[in-house]
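See below for the structure under consideration.
The values are calculated or read from the model by the stated rules, or taken from the named source; none is laboratory data. On a predicted model such as this, the values are computed, not experimentally measured, just so you know. Cβ sites come from the backbone with ideal geometry, for glycine too, and all protein chains shown count toward neighbours. When the accessible area is computed, the model is the full protein with side chains, heavy atoms only, and any ligands, DNA or RNA have been set aside. Shrake-Rupley method; radii C 1.70, N 1.55, O 1.52, S 1.80 Å.
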Amino acid sequence: MLHVLVVDDQDLFRGGFALILQAQPDIEVVGEAADGAAAVDLAVRLKPDVVLMDIRMPGMDGVTATERICADTDAKVVVLTMFDVDEYVYAALAAGASGFLLKDIRRDDLVNAVRVVAAGDALLAPSVTRRLIADLSRHGHVQP
């Protein structure tokens, strides 16, 4: 059974993600948080396998919360956001996130993302992957 913590300041998103995941036989949503500080506290106490993390929230943002959760727990963090912005991608990955996805993700892909990250792999939204590869190529970090 995979244990998941869902973090989003918008109740509708948080509840929707939780309902989608809770419907899976191998996933249990162990908690929900509306801000980064609560997310860190719950992650330390509940020890989820995966944390779905919004990036922009009042108070402690998702990047800071991700950094703390990755430093203080074994949880894998998947950032979910509406903002397809490179600055957020790089900040989230530098903080230790194992995934960066957009909130327009399909239901099945969200469920798959939780399973993939819990298994120790990483994933990025396709648009993010394309830009990241282009950026690395431009800066000479990709060798032929």
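For the reader, a short list of remarks on this structure follows.
- Protein accessible area in region 55-98, 1.4 Å probe - carbon and sulfur %: 48
- Karplus-derived 3J(HN,Hα), 6.51/-1.76/1.60, for each residue of region 49-55, Hz, glycine and proline x: 6, 9, 10, 8, 10, 5, 8
- Å² per residue, accessible surface of the chain at 1.4 Å: 52
- Spin-label pair L12-S127: with each label point 7 Å from Cα along the Cα-Cβ axis, the two points sit 1.9 nm from one another.
- In degrees, nearest ten, helix 86-95 long axis to first principal axis of the chain (Cα): 60
- Our helix-only sum for the chain, with -39,500 (n - 2.57) per DSSP H run of n ≥ 4 divided by its residues, gives a mean residue ellipticity at 222 nm of -14500 deg cm²/dmol.
- Backbone N within region 10-53 under 15 Å of label point (7 Å from A71 Cα along the Cβ vector): 37, 40-41, 44
- Relative to the longest principal axis of the Cα atoms of the chain, the long axis of helix 11-22 lies at roughly 80 degrees.
- Here region 1-126 is treated with +1 on each Lys and Arg Cβ and -1 on each Asp and Glu Cβ, and its dipole about the Cα centre works out to around 220 debye.
- Each of I20, I105, L52 was placed along the dipole of the chain (beta-carbon charges, centred on the mean Cα), and the one lying farthest toward the positive end is I105.
- Acute angle (nearest 10 degrees) that the helix 107-118 long axis makes with the longest principal axis of the chain, alpha-carbon atoms: 80
- Kirkwood-type radius of region 50-118, with distances r between different C-alpha atoms, in Å: 11.9
- Ratio Rg/Rh [Cα only; Rh per Kirkwood] for region 1-115: 0.92
- For region 1-69, alpha-carbon Rg and Dmax in angstrom: 11.0, 34
- For peptides 103-109, 122-128, 83-89, sequence by mean Cβ density within 10 Å, most packed first: 122-128, 83-89, 103-109
- Within a Gaussian network of the chain (alpha carbon springs, distance under 10 Å), most fluctuating of V40, V30, V79: V30
- Measuring r between the beta carbons of A23 and M60 and using R0 = 22 Å, the FRET efficiency lands at 0.15.
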